[in-house]
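What follows is calculated from the coordinates using simple rules that are stated; it is not laboratory data. None of the values given here were measured: they were computed from a predicted structure. Neighbour counts run over all protein chains shown; Cβ positions are idealised from the backbone, glycine included.
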Amino acid sequence: MSNKYVHTKGSFSLDKMVESVKHGQDSGKIGALAIFVGVVRGETLGGEKVQKLEVESYEENANHVLSCICQDLKKREGVVDVQIHHFTGDFRVGEDLVYVLVAGSHRENVFPVLKEAVERYKKEAPIFKKEFVLGEEGELKAYWVAEKEKS
């Protein structure tokens, strides 16, 4: 896999990520793959209807941060590979935003690392989301979403 972790929407696929791991140099050590797919939610935590989402990043820094998270988590016992791929662009409800994959020797190795990878990218990576929602009066409102406000 390349050192690119931030991708323009549509330029990277889940299949490509899985195939790269299954055919990687350490593929013989893998007995389990765990994958998280983050999608655009159609409702805010406050119950407003989401129309679309714009995602931007400080790409050079985001690639570095995501790489560091992956490299750090690969050091865990029984973990063979960790990949985080986040998309930027304009998204409709239900579209994929992020893929996180952890490959390991056994299922016990991958699930805790997958959860940590998701929590860390949400806190650490300079990736910014702007939600476009319908207000109570039917007006379209837009605002930047702080990750700590997202679930």
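For each pair in K9/K49; K9/K29; K9/K129; K22/K123; K4/K122, compute the distance between the two Cα atoms and list the pairs where it is over 20 Å. Provide the component values of the computation, followed by the final result.
Details: K9/K49 22 Å; K9/K29 31 Å; K9/K129 14 Å; K22/K123 29 Å; K4/K122 17 Å.
In this structure, K9/K49; K9/K29; K22/K123 exceed 20 Å between Cα atoms.
Order by neighbour count: H23, H85, fewest other Cβ atoms within 10 Å first, most last. Provide the component values of the computation, followed by the final result.
Working: H23 8, H85 23.
Least to most surrounded, the residues fall as H23, H85.
When only Cα pairs under 8 Å and 6 or more residues apart are kept, what is the percent relative contact order across the range 2-151? Please report the intermediate quantities before stating the final value.
Details: 282 pairs, mean separation 47.5, N = 150.
Rounded, it is 32 percent for the range 2-151.
Using the Kirkwood formula over every pair of different C-alpha atoms, what hydrodynamic radius in Å results for the range 54-140?
Details: mean 1/r = 0.0696 Å⁻¹.
Averaging 1/r across every pair of different Cα atoms and inverting gives 14.4 Å.
Give the average over all directions of the projected area of the C-alpha convex hull of the range 55-94, one decimal, in nm². Mind showing how you got there, number by number?
Working: hull surface 14.7 nm².
Averaging across all directions leaves 3.7 nm² for the Cα convex hull.
In Å and from the alpha-carbon atoms only, list the Rg and Dmax of the range 1-88.
15.4, 47
Assuming R0 = 25 Å, what is the FRET efficiency of R41 and K75, from their Cβ-Cβ distance, to the nearest 0.05? Present the calculation step by step, with values, prior to reporting the outcome.
Numbers: r = 32 Å, r/R0 = 1.29.
Calculated value: 0.20.
Only helical DSSP H runs with n ≥ 4 go in: add -39500 (n - 2.57) per run for the chain, normalise by residue count and round the 222 nm mean residue ellipticity to 500 deg cm²/dmol.
That calculation yields -9000 deg cm²/dmol at 222 nm.
Please report, in debye to the nearest 20, how large the charge dipole of the range 1-116 is about its Cα centre when each Lys and Arg carries +1 at its beta carbon and each Asp and Glu carries -1 there. Kindly include the intermediate steps, with their values, before the conclusion.
Numbers: 14 positive and 17 negative charges, 57 e Å.
Once rounded to the nearest 20, the dipole reads 280 debye.
Take the Cα radius of gyration of the chain and divide it by 2.2 N^0.38 Å, with N its residue count; two decimals is plenty.
Numbers: Rg = 16.4 Å, N = 151, 2.2 N^0.38 = 14.8 Å.
So the chain has a normalised radius of gyration of 1.11.
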